[in-house]
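The values are calculated or read from the model by the stated rules, or taken from the named source; none is laboratory data. Please read these numbers as outputs of a predicted model, since none were measured by experiment. Note that each Cβ is placed from the backbone with ideal geometry, even for glycine, and that neighbours are counted across all protein chains shown.
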Amino acid sequence: MDFLRGFRDRRADDAQRALDERRLDDAERLLTELTAEGSTRPDVWWNLGLVYKFQKRWPESLAAFRRNGELNPQPEAFWNTAVAATALRDWPTARWAWRQLELEIPDGDGPPQADFGPAPLRLNPDGSGEVVWGRRIDPCRIQIESVPLPESGHRWHDVVLHDVVPHGTRMLRGVSLSVFDELERMDPSPHPTYEADLRWSSPADEQELVDLIGDRDLGGENWTSSITILCAQCSLSNEHEHEPEHPEEIRLTGRWGFAGPLGELGRALRTWAGAHAERFVSELKPVG
């Protein structure tokens, strides 16, 4: 018995190393062998749930995390149970798991619609890693409020499932907020992305446009000023201070992304541009 226990422990350790090194096939093989033998080690079921989570095999992930929670009912198990249930749109199970964590989740049969505040979201974390802003409508879903670059494959008002493990921070009005990595896009937005080139005469002109777009519940983003190439520490961890390349420069032109009903966008931009002769907006062009 001691020999068998030691052999299983070595395989569990080998599976942990394979998971840490993202050798998911090797980790899955070892872990499924152990679970088929009736393993009651919580970490075996936890790691198997993670393997399936990384592979986006949500039914298997949910089952593994539920078993982990039965063996060791710690908060981590309920977080990942809720993520897997959300991916499957199993809303009763998701609500049950969130409430095990004493989170306030609205009642209902469909997806929870709450307000957990603003949060930065890293799109395509295994690729370009563009960070956008959105609002958390439950503990693992964000509705995008920025206008992502078309290369991201995302749109304003997409609803995205995100990991619950923070990966870096961003500042918003002096407050440090955790960045969450995208797992998958759940509900694509119906609103196409448009781009246009703009010119204005002062920072106040730009702020007036931002306010106008917001007041009309449209999406607008100055891609020229808001999209920057970050160092590795900033992109994947925590932002820190850099010396400005041109500290005295005030940019009065830019490539903008817009989203929302085309007619409403056109009216808003004509209103803004028509208020001062120095303002210019090129034709809106669909880009994503």
Looking at GLU145 and the list (1) farther than 30 Å from GLY274 by Cβ; (2) out of contact with any Asp or Glu (no Cβ under 9 Å at 6 or more places or on another chain); (3) at pLDDT 95 or above, which single condition is not satisfied?
(1)
Some residue of region 64-84 being touching a residue at least 24 places away in the same chain (Cβ under 8 Å), small (Gly, Ala, Ser) and farther than 17 Å from TRP46 by Cα
no
Could you check how many residues of region 148-168 are over 13 Å from the mean Cα position of the chain (by Cα) and not in a loop (DSSP other than H, G, I, E, B)?
2
Failed criterion for PRO92 (all others in (1) under 27 Å from ALA18 (Cβ atoms); (2) surrounded by fewer than 17 Cβ atoms within 10 Å (Cβ to Cβ) hold)
(1)
Across region 97-147, which residue is surrounded by the most Cβ atoms within 10 Å (Cβ to Cβ) among those that are part of a loop (DSSP other than H, G, I, E, B) and acidic (Asp, Glu)?
GLU130
